[in-house]
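Visitor: Structure provided below as structure tokens; questions to follow.
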Amino acid sequence: MKRNIYLLFALWVFSANVGCTTNFDEINRNPNEIDEGAISPTGMLQETLYTGAEVLLYRTWQLNGELIQYTVSGTGNNSYHRYVITNSVMESAWSNLFKWAANAEAMRRLAVDQQNVNCEAVAITLKTLYLSNLTDMFGEIPCSEAFRGSGENLTKPRFDTQRAVYEQLLADLEYANSIYDTSVAMSSAQRDLLYGGDMMKWRKFNNSLYLRLLMRLSNRDREMGIAARVRAVFEDSAEWPVFTSNDDNATFYYDEVNPFVNYFGNILESAFTTTGRRPAEQIIGMMDAPGDPRISIWFKQASGYDGWKGAESGKEAQESDNSGVSLLNKANLGDYASPYSHMKYDEVLFIFAEAIKRGWIDGGDALAEQYYNDAVRASIRFWSDVNKTGNPVSESTVERF
């Protein structure tokens, strides 16, 4: 009798083990996890747009303004305006930008599988935006073999030369321009936080970004035919539509309340200004002398100080005198609803002004000056509309520039 009981128990244990191993994969699968292939490409758009922009917004505040003497940070000697940039800062920029480029690539693959050309084109535009920032910072980066780890088990992609990266990015933007279908809106347009599904505006952004990358290669005209490509965009607006007004800007207009808010909305004003960043004397001097009306939109005069004063870049903290130094205007630059732009109409005008000045486009100095002045005016009008702390800039003031 005991022998039969032991035998039955052994059979039960054996059958239980066999049962566990035969459906092991199913048991260990999270039923709440989304299968990448089972979602729409627009399902990835919101987060790829919002958090990707947040990464660039923060890095612009953290580094760009410091290195070009627009802002001066903090009170310590280890400051970015003193070119003290730790490895962790660059590691964070690398990992975050690659993360959102990878998301854009995943969105592109989904769009191709589901034959959604507009989502494919948008994904290419965003992926190019993030990768162009990466190669501008680091030079050689993985590009041609990037993002092939999960499907092809390519975990060590090769690093491409910066020229090869730029050639790939330009080719990708050219392809995206050719497939944008501007006759229809994007499906699930409410997920498009940038343009609300307007494909013509996306196509204009794509081609304006194309101009930006071309102009960054301005000294490689002989090898890469940069002048002819810029001229083609200038002369054929039907084939190469670009920004033609501030209405086309690639700008996020955030809400007043979470979750769609500017990253700095939750940051205390003191952390954003007094202990965070002050305007540098370089930018204050450039704006104060000609009476640029944007100075009071971007900055605030120090309490009890009548006039504009900038902080000195590169100085050690113990040698700096911040008395009377102006402050950043958080209400316009870092409030919950303060906008952030990937690219604006004024940049396109500046690019064309430079191309004309270089002789790539006919028109001479007079036309170059016209485009340059129009660019400044477009910027003033944009910031006048953003301004919460003063009266709108009058058109007569705009026309003086």
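The values are calculated or read from the model by the stated rules, or taken from the named source; none is laboratory data. Just so we're clear, the structure is a prediction, and the values are computed from it rather than from any experiment. Every residue, glycine among them, receives a Cβ derived from its backbone with ideal geometry; neighbour counts consider all protein chains shown.
Visitor: Is there a residue being in contact with a strand residue (DSSP E or B) (Cβ under 9 Å, 6 or more places away or on another chain) and assigned to a helix (DSSP H, G or I) anywhere in the stretch 364-376? Give the derivation first.
Guide: The first filter runs over the stretch 364-376 and keeps only residues in contact with a strand residue (DSSP E or B) (Cβ under 9 Å, 6 or more places away or on another chain), leaving none.
No, the stretch 364-376 contains no residue that is in contact with a strand residue (DSSP E or B) (Cβ under 9 Å, 6 or more places away or on another chain) and assigned to a helix (DSSP H, G or I).
Visitor: Take the residues in the stretch 304-324 that are touching a residue at least 60 places away in the same chain (Cβ under 8 Å) and acidic (D, E); name whichever of them is nearest to Y83 (Cα to Cα).
Guide: Of everything passing the filter in the stretch 304-324, E316 is nearest to Y83 (Cα to Cα).
Visitor: Failed condition for V398, given (1) of a type in the set (A, V, I, L, M, F, W, C); (2) closer than 26 Å to R203 by Cα; (3) surrounded by fewer than 19 Cβ atoms within 10 Å (Cβ to Cβ), with all others met?
Guide: Among (1) of a type in the set (A, V, I, L, M, F, W, C); (2) closer than 26 Å to R203 by Cα; (3) surrounded by fewer than 19 Cβ atoms within 10 Å (Cβ to Cβ), the lone unmet condition for V398 is (2).
Visitor: Can D248 be described as at negative phi, in the same structural domain as F350 (by TED's automatic domain parsing), in contact (Cβ under 8 Å) with a residue 40 or more places away in the chain and buried (at least 19 other Cβ atoms within 10 Å of the Cβ)?
Guide: For D248, the condition - at negative phi, in the same structural domain as F350 (by TED's automatic domain parsing), in contact (Cβ under 8 Å) with a residue 40 or more places away in the chain and buried (at least 19 other Cβ atoms within 10 Å of the Cβ) - is met.
Visitor: Which of the residues spanning the stretch 141-189 are within 19 Å of L209 (Cβ to Cβ) and without any contact (Cβ under 8 Å) to a residue 12 or more places away in the chain?
Guide: A171, S178
Visitor: For the stretch 159-188, how many residues are modelled with pLDDT under 95 and in contact with a strand residue (DSSP E or B) (Cβ under 9 Å, 6 or more places away or on another chain)?
Guide: Residues in the stretch 159-188 being modelled with pLDDT under 95 and in contact with a strand residue (DSSP E or B) (Cβ under 9 Å, 6 or more places away or on another chain): 0 in total.
Visitor: Would you confirm whether or not the stretch 243-256 contains a residue that is part of a helix (DSSP H, G or I), among the hydrophobic types (A, V, I, L, M, F, W, C), touching a helix residue (DSSP H, G or I) at 6+ places or on another chain (Cβ under 6 Å) and within 21 Å of S379 (Cβ to Cβ)?
Guide: Keep residues of the stretch 243-256 that are part of a helix (DSSP H, G or I), which gives 246-248.
In the following step, the residues that additionally are among the hydrophobic types (A, V, I, L, M, F, W, C) were identified as none.
Within the stretch 243-256 (the criterion being part of a helix (DSSP H, G or I), among the hydrophobic types (A, V, I, L, M, F, W, C), touching a helix residue (DSSP H, G or I) at 6+ places or on another chain (Cβ under 6 Å) and within 21 Å of S379 (Cβ to Cβ)), the answer is no, since none of the residues qualifies.
Visitor: Taking the stretch 83-93 as the region of interest, how many residues are part of a helix (DSSP H, G or I) and loosely packed, with under 15 Cβ neighbours inside 10 Å?
Guide: Taking the stretch 83-93 first, the residues part of a helix (DSSP H, G or I) are 87-93.
When the remaining residues are screened for being loosely packed, with under 15 Cβ neighbours inside 10 Å, the result is 87-91.
So the answer is 5.
Visitor: For G265, only one of the following conditions fails: (1) small (G, A, S); (2) in the same structural domain as V55 (by TED's automatic domain parsing); (3) within 30 Å of Q69 (Cα to Cα). What is its number?
Guide: The one condition G265 does not meet is (2).
Visitor: So if I check each of W100, W94, which one is touching a strand residue (DSSP E or B) at 6+ places or on another chain (Cβ under 9 Å), without any contact (Cβ under 8 Å) to a residue 60 or more places away in the chain and under 18 Å from C143 (Cα atoms)? Steps first, answer last, please.
Guide: Working: W100 fails: touching a strand residue (DSSP E or B) at 6+ places or on another chain (Cβ under 9 Å).
None of the other options fit; the residue is W94.
Visitor: Sort through R231, R278, R294 and tell me the only one that's basic (K, R), in contact with a strand residue (DSSP E or B) (Cβ under 7 Å, 6 or more places away or on another chain) and touching a residue at least 24 places away in the same chain (Cβ under 8 Å).
Guide: Values: R231 fails: in contact with a strand residue (DSSP E or B) (Cβ under 7 Å, 6 or more places away or on another chain); R294 fails: in contact with a strand residue (DSSP E or B) (Cβ under 7 Å, 6 or more places away or on another chain).
Going through R231, R278, R294 in turn, just one is basic (K, R), in contact with a strand residue (DSSP E or B) (Cβ under 7 Å, 6 or more places away or on another chain) and touching a residue at least 24 places away in the same chain (Cβ under 8 Å): R278.
Visitor: Please specify each residue of the stretch 359-401 satisfying the condition of being in contact (Cβ under 8 Å) with a residue 60 or more places away in the chain and among the aromatic types (F, W, Y).
Guide: W360, F382, W383, F401, listed by residue number.
Visitor: Let me ask something else about it. Going through the stretch 337-363 one residue at a time, which ones are acidic (D, E) and in a loop (DSSP other than H, G, I, E, B)?
Guide: Here is the first cut: in the stretch 337-363, the ones acidic (D, E) are 346-347, 354, 362.
Within the stretch 337-363, just D362 meets the criteria.
Visitor: Tell me whether the stretch 325-332 contains one or more residues that are surrounded by fewer than 18 Cβ atoms within 10 Å (Cβ to Cβ), of a type outside the set (K, R) and either modelled with pLDDT of 95 or more or in a loop (DSSP other than H, G, I, E, B) (or both).
Guide: Of the stretch 325-332, the ones surrounded by fewer than 18 Cβ atoms within 10 Å (Cβ to Cβ) are 331.
Filter once more, so that each one left must be of a type outside the set (K, R): 331.
With the extra rule that they be either modelled with pLDDT of 95 or more or in a loop (DSSP other than H, G, I, E, B) (or both), the set shrinks to 331.
Yes, the stretch 325-332 contains a residue that is surrounded by fewer than 18 Cβ atoms within 10 Å (Cβ to Cβ), of a type outside the set (K, R) and either modelled with pLDDT of 95 or more or in a loop (DSSP other than H, G, I, E, B) (or both).
Visitor: Another question, then. Which members of the stretch 154-173 meet the condition of being in contact with a helix residue (DSSP H, G or I) (Cβ under 7 Å, 6 or more places away or on another chain) and surrounded by 14 or more Cβ atoms within 10 Å (Cβ to Cβ)? Talk me through it step by step, then tell me what you get.
Guide: First pass over the stretch 154-173, keeping only residues in contact with a helix residue (DSSP H, G or I) (Cβ under 7 Å, 6 or more places away or on another chain): 155, 162, 165-166, 169-170, 172-173.
Passing the criteria: Q162, V165, Y166, L169, L170, D172, L173.
Visitor: Separate question: Restricting attention to the stretch 363-378, does a residue exist that is closer than 26 Å to E256 by Cα, crowded, with 19+ Cβ neighbours inside 10 Å and at pLDDT 95 or above? Full working, then the answer.
Guide: Our first condition is that a residue be closer than 26 Å to E256 by Cα; within the stretch 363-378, this holds for 378.
Narrowing further to those that are crowded, with 19+ Cβ neighbours inside 10 Å: 378.
Keeping just the survivors that are at pLDDT 95 or above gives 378.
Within the stretch 363-378, one or more residues are closer than 26 Å to E256 by Cα, crowded, with 19+ Cβ neighbours inside 10 Å and at pLDDT 95 or above.
Visitor: Can you tell me how many residues within the stretch 115-132 are more than 16 Å from M200 (Cβ to Cβ) and among the aliphatic types (A, V, I, L, M)?
Guide: From the stretch 115-132, those more than 16 Å from M200 (Cβ to Cβ) are 115-116, 120, 123-124, 126-132; that's our starting set.
Right, trim to among the aliphatic types (A, V, I, L, M) and you get 123-124, 126, 129, 131.
Number of matching residues: 5.
Visitor: Now a separate question. Can you tell me which of (1) farther than 30 Å from S326 by Cβ; (2) of a type in the set (G, A, S); (3) crowded, with 20+ Cβ neighbours inside 10 Å; (4) touching a residue at least 60 places away in the same chain (Cβ under 8 Å) is the one A53 doesn't meet?
Guide: Of (1) farther than 30 Å from S326 by Cβ; (2) of a type in the set (G, A, S); (3) crowded, with 20+ Cβ neighbours inside 10 Å; (4) touching a residue at least 60 places away in the same chain (Cβ under 8 Å), only one is false for A53: (1).
Visitor: Scan the stretch 270-297 for residues that are under 24 Å from the mean Cα position of the chain (by Cα) and under 16 Å from S73 (Cβ atoms) and jot them down.
Guide: Within the stretch 270-297, A271, F272, T273, G276, R277, R278, P279, A280, I283 qualify.
Visitor: Within the stretch 74-119, how many residues are farther than 30 Å from R277 by Cβ and not aliphatic (A, V, I, L, M)? Write out each step before concluding.
Guide: Here is the first cut: in the stretch 74-119, the ones farther than 30 Å from R277 by Cβ are 102, 105-119.
Those still in the list that are not aliphatic (A, V, I, L, M) too: 105, 108-109, 113-116, 118-119.
Result for the stretch 74-119: 9.
Visitor: Which residue, of S237, S183, S208, S218, is buried (at least 18 other Cβ atoms within 10 Å of the Cβ) and among the small types (G, A, S)? Steps first, answer last, please.
Guide: Working: S237 fails: buried (at least 18 other Cβ atoms within 10 Å of the Cβ); S183 fails: buried (at least 18 other Cβ atoms within 10 Å of the Cβ); S218 fails: buried (at least 18 other Cβ atoms within 10 Å of the Cβ).
After applying the criteria, what remains is S208.
Visitor: Between a first residue in the stretch 201-214 that is closer than 12 Å to A171 by Cα and a second residue that is β-branched (V, I, T) and not in a helix (DSSP H, G or I), which pairs have beta carbons less than 6 Å apart while being 6 or more apart in sequence or on different chains?
Guide: N207/V242
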